[in-house]
Amino acid sequence: MSTVAGKRIAAALCMAALAPTTWAHGVTGGDAAYLQSISGLHVFPLMYLGAKHMVTGYDHLLFLAGVIFFLYRLKDVALYATLFAIGHSATLLLGVLAGIRANAYIVDAIIGLSVVYKALENIGAFRRMGVVIDTRVAVLTFGFAHGFGLSTKLQDFNLSSEGLAGNILSFNIGVELGQVLALALILLALQLWRRSGSFLRGAWLTNLAIMAAGFTLFGYQLAGYLTSLT
């Protein structure tokens, strides 16, 4: 792969990293209206909405891109994707079905920090500080935060109790299917880029952009929380 093509992939990842954070993580517009209008079990529409949420959620995509950025073996990608899915699924289902609530701004601020954490790890910041973090535990823990963040959004809706468990489970299955698709596309782009000589040179810049997006998301949510107190 040419250096020029590698730079194009890096630019695409940077643009995604700096995309408007207000688009991340939420369920809005027609999708929100649909969720509040249905009653009874709607398996496939909810699976579609879950998949759509994942492949258009910049916070999820940035974190996952950071997680697999330097993973070269498929079994390692599968391991970390599974840990994230377990965490995400657990808090999404429990949050909605058990009515466990938290301040959405605080949860989303933590999600922003998850993106910052992974970018810092990728550029070796923790290693230089002598800080040892079990990445597997970190990915699982932040998976809990990402799932809980979505559950707080869904709990804001007036969802029908009829078929709720099946619908939320279907939504979650869609989220995981969307994650598989998103991971496959990100991994393909990374694999192509890694074949060029520009990968290591562009990796630093790309992770800095991912970190900047994480800090932006964190700051936006923190500002929203402070504003809500007034």
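Worth pointing out:
- Residue within the stretch 137-160 that is among the aromatic types (F, W, Y), more than 22 Å from V55 (Cβ to Cβ) and in contact (Cβ under 8 Å) with a residue 40 or more places away in the chain present: no
- Residue in the stretch 178-192 that is over 19 Å from A81 (Cβ atoms) and surrounded by fewer than 18 Cβ atoms within 10 Å (Cβ to Cβ) present: yes
- Check on Y48, more than 19 Å from I110 (Cα to Cα), in a helix (DSSP H, G or I), hydroxyl-bearing (S, T, Y) and in contact with a helix residue (DSSP H, G or I) (Cβ under 7 Å, 6 or more places away or on another chain): yes
- From the list A209, A223, the lone residue that is within 22 Å of the chain's Cα centre (by Cα) and loosely packed, with under 15 Cβ neighbours inside 10 Å is A223.
- Residue that is nearest to L181 (Cα to Cα) [pool: residues in the stretch 86-109 that are crowded, with 21+ Cβ neighbours inside 10 Å and among the hydrophobic types (A, V, I, L, M, F, W, C)]: L92
- Within the stretch 145-155, the set of residues being within 11 Å of the chain's Cα centre (by Cα) and of a type in the set (A, V, I, L, M, F, W, C) comprises A145, L150.
- Residue within the stretch 119-141 that is among the aromatic types (F, W, Y), in a helix (DSSP H, G or I) and in contact with a Phe, Trp or Tyr (Cβ under 6 Å, 6 or more places away or on another chain) present: no
- Pairing each residue of the stretch 88-102 that is in contact (Cβ under 8 Å) with a residue 12 or more places away in the chain and at negative phi with any residue that is in a loop (DSSP other than H, G, I, E, B) and charged (D, E, K, R), provided the two are 6+ apart or on different chains, yields C-beta distances under 8 Å for G95/R101.
- F126, sole failed condition from (1) farther than 20 Å from G50 by Cα; (2) touching a residue at least 40 places away in the same chain (Cβ under 8 Å); (3) not polar (S, T, N, Q): (2)
- Unmet requirement for N207, which otherwise passes all of (1) within 28 Å of A104 (Cα to Cα); (2) of a type outside the set (A, V, I, L, M, F, W, C); (3) outside any helix (DSSP H, G or I): (3)
- Yes/no for S196 being buried (at least 17 other Cβ atoms within 10 Å of the Cβ) and not in a helix (DSSP H, G or I): yes
- Selected residue [closer than 13 Å to T152 by Cα and not aromatic (F, W, Y)] from L61, L94: L94
- Residue check, G214 under 15 Å from the mean Cα position of the chain (by Cα), closer than 20 Å to G57 by Cα, modelled with pLDDT of 95 or more and not hydrophobic (A, V, I, L, M, F, W, C): yes
- Single match in G202, G166 (criterion: in a helix (DSSP H, G or I) and either within 27 Å of L92 (Cβ to Cβ) or free of Cβ contacts under 8 Å to residues at least 12 places away in the same chain (or both)): G166
The values are calculated or read from the model by the stated rules, or taken from the named source; none is laboratory data. What you see is a predicted model; the values in this text were computed from it and never measured. All Cβ positions, even for glycine, are placed from backbone atoms using ideal geometry, and neighbour counts span all protein chains on display.
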